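The values are calculated or read from the model by the stated rules, or taken from the named source; none is laboratory data. Quantities reported herein were computed from a predicted structural model and do not represent experimental measurements. Virtual Cβ from ideal backbone geometry, glycine too; neighbours counted across all protein chains shown. Accessible surface is based on the protein model in full, side chains and every heavy atom, while ligands, DNA and RNA are left aside. Shrake-Rupley method; radii C 1.70, N 1.55, O 1.52, S 1.80 Å.
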Protein chains: 2
Amino acid sequence: MASDGFQPLDEKLLVEYLKSTPSLSAKLGNDFDKLEVKEVGDGNLNFVYIVIGPSGSLVIKQALPYIRLIGESWPMTKERAYFESSVLQEHGRLCPDHVPEVYHFDRTMCVIGMRYIEPPHVILRKGLIAGIEYPLLADHISEYMARTLFYTSLLYLTTTDHKSAVAKFCGNVELCRLTEQVVFSDPYKVSEYNRWTTPYLDADAEAVREDNILKLEVAELKSKFCERAQALLHGDLHTSSVMVTPDSTQVIDPEFGFYGPMGFDIGAFIGNLILAYFSQDGHADKGGDRNLYKKWIMKTILDTWNLFHTKFIALWDKHKDGSGEAYLPAIYNNPELQSMVKQKYMENLFHDTLGFGAAKMIRRIVGVAHVEDFESIKEASKRAECERKALNFAKTLLKERKNFHSITEVVSAIEDLNK
Amino acid sequence: MASDGFQPLDEKLLVEYLKSTPSLSAKLGNDFDKLEVKEVGDGNLNFVYIVIGPSGSLVIKQALPYIRLIGESWPMTKERAYFESSVLQEHGRLCPDHVPEVYHFDRTMCVIGMRYIEPPHVILRKGLIAGIEYPLLADHISEYMARTLFYTSLLYLTTTDHKSAVAKFCGNVELCRLTEQVVFSDPYKVSEYNRWTTPYLDADAEAVREDNILKLEVAELKSKFCERAQALLHGDLHTSSVMVTPDSTQVIDPEFGFYGPMGFDIGAFIGNLILAYFSQDGHADKGGDRNLYKKWIMKTILDTWNLFHTKFIALWDKHKDGSGEAYLPAIYNNPELQSMVKQKYMENLFHDTLGFGAAKMIRRIVGVAHVEDFESIKEASKRAECERKALNFAKTLLKERKNFHSITEVVSAIEDLNK
Ligand SMILES: Nc1ncnc2c1ncn2[C@@H]1O[C@H](COP(=O)(O)OP(=O)(O)O)[C@@H](O)[C@H]1O
Ligand SMILES: Nc1ncnc2c1ncn2[C@@H]1O[C@H](COP(=O)(O)OP(=O)(O)O)[C@@H](O)[C@H]1O
Ligand SMILES: [Mg+2]
Ligand SMILES: [Mg+2]
Ligand SMILES: [Mg+2]
Ligand SMILES: [Mg+2]
Ligand SMILES: [Mg+2]
């Protein structure tokens, strides 16, 4: 055990830990016979143990002081567990249907105990690769985003509550810096961490690094990411942070959470759906069996934004006379003006969403961390073809985002590339 | 004495306090015979004592837990003294020529001991009312703004240092809320605190409250003020926070300091110069003896922005390979791109400056706190005429700010109103 009381768990130590922690023991019905413990961390950063006993189950997630994927050579504060548990609890309070319950948090051990999201839940990305439709996904994720973003913004919070929450999450700076590096910096420069499907995309990767307009626009997004404390973000809302069944949608892994621009979360989700779309040709058989599925992805993108828009505005209307101080009813006091401010707010948010979404796409093709959607396409030339289409679309979206005025236009632009 | 150890000073208690505080005693050469103590707080919030002895001098500023101008009925955290002393020390480190040295800070007593800015220094606003030219003002204030804003922004700081400073100043939320209220809210609604030169400006004040476009734009500025942590602002940089002689410029009273949008400081200063300009006709004799002075004010506005621009860019160039992480040299790696990012950054900053400057003008004409520039015009009808011109210009500037592309265009627009 380290002098600070921290100790990396293994399966044996974990059982001792469970036994000595009443809130966790209780979840297992205090029944430790035939406990099944399995480390399943397929993520990049942390260790995740599924614990199943005869009388209950739970998941234990532990952060170690480095990045799991890379090893001890890339240190990373284990305090991220504190911020992850804070976001899980805050987002869980705001949207309990779509966030796993936290049973226990131990700041010294960097351990979170939470609900086991049981089978048939799978990681959404895997479902998308398998070509499975989730009819409620757009409805659920839009609910999660609308509620978590609205209720942590100045549309709902007082300045006092907002600034105190902002201050707390300034502490998660190491994770913010990691995002800055891997999303907004590395893909646009030569970096040892970058990789891409070589040699096919060599020229494409170079073109990203030499695109002045693209880099000009990325700077604007990066500055918003670093400076604009709009709402409490999940911070890493890609399709591997979502677990699904046809009936259920659960958002996990908000360790990158902080107060930032809302469009960063919405863009992460939509950008990863667009990646899934462009990867489909790599998974299709000769007969184009993924064509219907591609239409479903497009519909899901459309519905996600449109439902988010509707729900977010509904929350705004519901709380228009509430504690939020951004638009005082005594000032924004006529229907025309109320509709003008909402339109402006949502338009800016839409453009942020497209910009951040595009940036998240680009980094997954020429940056350090790739997505299984493409990685699972075995044939490199075929993979590169899919990736190039996605990359080119993302570059256009990032540069031209302010010329898009509705999600329909975005979906049309994507489908036009496929004709 | 309150249970927290706080005690409001008076002139007698102050002398005891000085005697028992070594850092202050030393500044007075430990010579307390014939000490002259004078309370001079002409500001709205705090108590300021000038202390002059035979062997030294100093100023003591104390915050009480309410707003001095209003009294105990408007409580306000005395912790503001902590933030004021923090900004004085940080800005003083960055720009010692234009910030008074802090000798002592006592968080319990909310007392700052600082350099006495001796005569012939006067409050700049009083000099502007008297029609006195300050040939170095633009040079000095642009130096102050360029250095304090640049060095506390992400152009210079690492994300880590920036976020930790942002977190600290989130604590100054009560003062931020006061600004929100008096600058961005009250003038645009019916409020018991608002006043204006009645009956002359009754319709003008009402027009402000009924101007949808204006209120739409004010919302954008308010959201930037609340959400965008760009640099450590002074927070209240009007012409009564600056003391001047022809050779010296000293910036005082940064108790509203926090991490906010740079344009808020630059706009405060320039907006107050524009107010000074529009008040001149009220101070002129029949022969229009203030015409040359008005030209000097316009030139000072022009020089302030242009010199700020030059100095800010020079700092950026000087530190382009430094610790700042906003524009990594490996990404922003060619002269064309470097010039593009700077142009975009400065253009956005210019538009913020105009917007915030205009908002600061409006609130001084129809809000709670007015400026002596106008208040000292005895004849109400004449005062109202000056104020109306300023108000109309400010409304145009706020709404049309993005159509201005240089400070010359702004100055021309002001001068055109005077033809
Ligand atoms: N509450 C949970 N229930 C079931 N499985 C989970 C749960 N939390 C995480 N997992 C599994 O563990 C994997 C890694 O978890 P994640 O929180 O994404 O860790 P990382 O931060 O390392 O990416 C997930 O992809 C998922 O398969
Ligand atoms: N360091 C100083 N040297 C000389 N005079 C000062 C100094 N600080 C404040 N004053 C005088 O006291 C007045 C009020 O100070 P200020 O800091 O503006 O207080 P407030 O926060 O109440 O506005 C100033 O207008 C100025 O005349
Ligand atoms: Mg994960
Ligand atoms: Mg994670
Ligand atoms: Mg003052
Ligand atoms: Mg100088
Ligand atoms: Mg003050």
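If only residues of the range B:31-66 that are in a loop (DSSP other than H, G, I, E, B), open to solvent by 20 Å² or more (accessible area, probe 1.4 Å) and of a type in the set (S, T, N, Q) are counted, the one that is nearest to ligand 3 (Cβ to nearest atom) is B:Asn44.
Conditions tested, residue by residue: (1) away from ligand 3 (no atom under 16 Å from the Cβ); (2) closer than 29 Å to A:Asn194 by Cβ.
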site: A:Gly29; (1), (2): yes, no
site: A:Leu69; (1), (2): no, yes
site: A:Phe83; (1), (2): no, yes
site: A:Pro100; (1), (2): no, no
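Scan the range B:91-101 and tell me whether some residue there is within 16 Å of ligand 6 (Cβ to nearest atom), hydrophobic (A, V, I, L, M, F, W, C), outside any helix (DSSP H, G or I) and more than 19 Å from B:Lys27 (Cα to Cα). Yes, the range B:91-101 contains at least one residue that is within 16 Å of ligand 6 (Cβ to nearest atom), hydrophobic (A, V, I, L, M, F, W, C), outside any helix (DSSP H, G or I) and more than 19 Å from B:Lys27 (Cα to Cα). Here A:Ser85 clears all of (1) within 16 Å of ligand 1 (Cβ to nearest atom); (2) surrounded by 13 or more Cβ atoms within 10 Å (Cβ to Cβ); (3) more than 17 Å from A:Gly113 (Cβ to Cβ) except the condition numbered (3). Across the range B:246-272, the qualifying residues are those that are touching a strand residue (DSSP E or B) at 6+ places or on another chain (Cβ under 8 Å) and of a type in the set (Ser, Thr, Tyr), and the one among them that is surrounded by the fewest Cβ atoms within 10 Å (Cβ to Cβ) is B:Thr249. B:Thr310 meets the conditions (1) β-branched (Val, Ile, Thr); (2) part of a helix (DSSP H, G or I); (3) away from every other protein chain (no Cβ under 13 Å); (4) open to solvent by less than 20 Å² (accessible area, probe 1.4 Å) in every case but one. The failed one is (4).
Condition check for A:Lys27 on (1) touching a Phe, Trp or Tyr at 6+ places or on another chain (Cβ under 6 Å); (2) more than 14 Å from A:Tyr116 (Cα to Cα); (3) open to solvent by 30 Å² or more (accessible area, probe 1.4 Å): one failure, at (2). For the range A:68-81, a residue qualifies if it is free of Cβ contacts under 8 Å to residues at least 40 places away in the same chain and outside any loop (DSSP other than H, G, I, E, B), and the qualifying residues are A:Gly71, A:Glu72, A:Ser73, A:Trp74, A:Pro75.
Being modelled with pLDDT under 95, open to solvent by 40 Å² or more (accessible area, probe 1.4 Å) and within 22 Å of A:Val371 (Cβ to Cβ) is the requirement here; does A:Leu69 meet it?
yes
The single condition from (1) within 14 Å of another protein chain (Cβ to nearest Cβ); (2) open to solvent by 10 Å² or more (accessible area, probe 1.4 Å); (3) under 26 Å from A:Lys395 (Cα atoms) that A:Trp305 fails is (1). Kindly establish whether A:Val242 is within 27 Å of A:Leu124 (Cβ to Cβ), within 14 Å of chain B (Cβ to nearest Cβ) and either of a type in the set (Val, Ile, Thr) or open to solvent by 20 Å² or more (accessible area, probe 1.4 Å) (or both). In short, no. Only a single criterion out of (1) open to solvent by less than 10 Å² (accessible area, probe 1.4 Å); (2) more than 16 Å from A:Tyr277 (Cα to Cα); (3) part of a loop (DSSP other than H, G, I, E, B) is not satisfied by A:Met346, namely (3). Screening B:Cys386 on (1) within 14 Å of chain A (Cβ to nearest Cβ); (2) over 30 Å from B:Thr160 (Cα atoms); (3) touching a Ser or Thr at 6+ places or on another chain (Cβ under 9 Å) shows it passes everything except condition (1). Of the helices (runs of 4 or more DSSP H) lying entirely inside the range A:125-211, those containing at least 2 residues that are within 14 Å of chain B (Cβ to nearest Cβ) span A:159-170, A:173-179, A:202-209.
Condition first: assigned to a strand (DSSP E or B) and small (Gly, Ala, Ser). Now tell me which residues in the range B:212-245 satisfy that. Matches in the range B:212-245: B:Ala231 only.
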